[in-house]
Amino acid sequence: MAFPALGAGNLENGQKLAETHCARCHVIGEYNKFGGIGSTPSFRSLRGTPNGIERFRTFFARRPHPAFVSVPNVPRWTNLLPYATPFEVSVEGIEDIIAFVQTLK
Ligand code: HEC
């Protein structure tokens, strides 16, 4: 699959990050069309919401993510024990994910 890069982020890396970290809960696109967790909104539908891209940019601060996502040099919002497998994503990584999200129709 080849998509033109729309933003500053690296599309391929963003797709890889989304497949690795987000696809276990979210339907991220063709990759796991019938996957994800039923109650979790798909990337496509999130992207279509008002401020969709902004939501992705700040997803780590939006519930439920603060419990299991950390960003280097960004203080965690909560010290609750993670109830889902924790992972770390960098600010650049988030821009990459946004580049990927922008390719979703
Ligand atoms: C453990 C499950 C899980 C993982 C992993 C996960 N999410 Fe989510 N995410 C959710 C759930 C559940 C919601 C819906 C929350 C709600 O509507 O209250 C959500 C909502 C969102 C939203 C919308 C937030 C809002 O306030 O509008 C964005 C954006 C998002 N996720 C991005 C991501 C990205 C990017 C990744 C991977 C880097 C990711 N998520 C990984 C469970 C997860």
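The values are calculated or read from the model by the stated rules, or taken from the named source; none is laboratory data. Everything numeric here is computed off the predicted structure, so don't read it as measured data. In this analysis, Cβ positions are derived from the backbone assuming ideal geometry, glycine residues included, and neighbour counts consider all displayed protein chains. Accessible surface areas use protein heavy atoms only, side chains included; no ligands, DNA or RNA. Shrake-Rupley method; radii C 1.70, N 1.55, O 1.52, S 1.80 Å.
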Rounded percent of accessible protein surface that carbon and sulfur make up, region 26-92, 1.4 Å probe: 57
In Å², nearest 10: area of LYS16 left accessible to a 1.4 Å probe: 120
Residue-count net charge about ARG47 - beta-carbon cut-off 10 Å; Lys, Arg +1, Asp, Glu -1: +3
Heavy atoms of LEU81 accessible to a 1.4 Å probe, total area in Å² rounded to 10: 150
³J(HN,Hα), Karplus 6.51/-1.76/1.60, whole Hz, each residue of region 18-24, x for Gly, Pro: 5, 5, 6, 10, 9, 5, 6
On Cα atoms only, tilt of 91-101 relative to the major axis of the chain in degrees: 40
Net charge, VAL71 excluded, C-beta distance under 14 Å - Lys, Arg +1, Asp, Glu -1: -1
Positive dipole terminus of the chain, leading residue within ILE98, THR40, GLY29 (C-beta point charges): THR40
Under Karplus coefficients 6.51, -1.76 and 1.60, residue-wise ³J(HN,Hα) of region 60-65 in Hz, glycine/proline x: 5, 9, 9, 4, x, 4
Cut-off under 5 Å, modelled amide H: who pairs with SER70 long-range: PHE87, GLU88, VAL89
Lys, Arg +1 and Asp, Glu -1 on Cβ, resulting dipole of the chain about Cα centre, debye, nearest 20: 400
Potential lengthening between ALA67 and GLU54 on full extension [0.36 nm per residue; Cα-Cα distance subtracted]: 2.7 nm
Förster-model FRET efficiency, 22 Å R0, TYR31 and THR85, C-beta, rounded to 0.05: 0.75
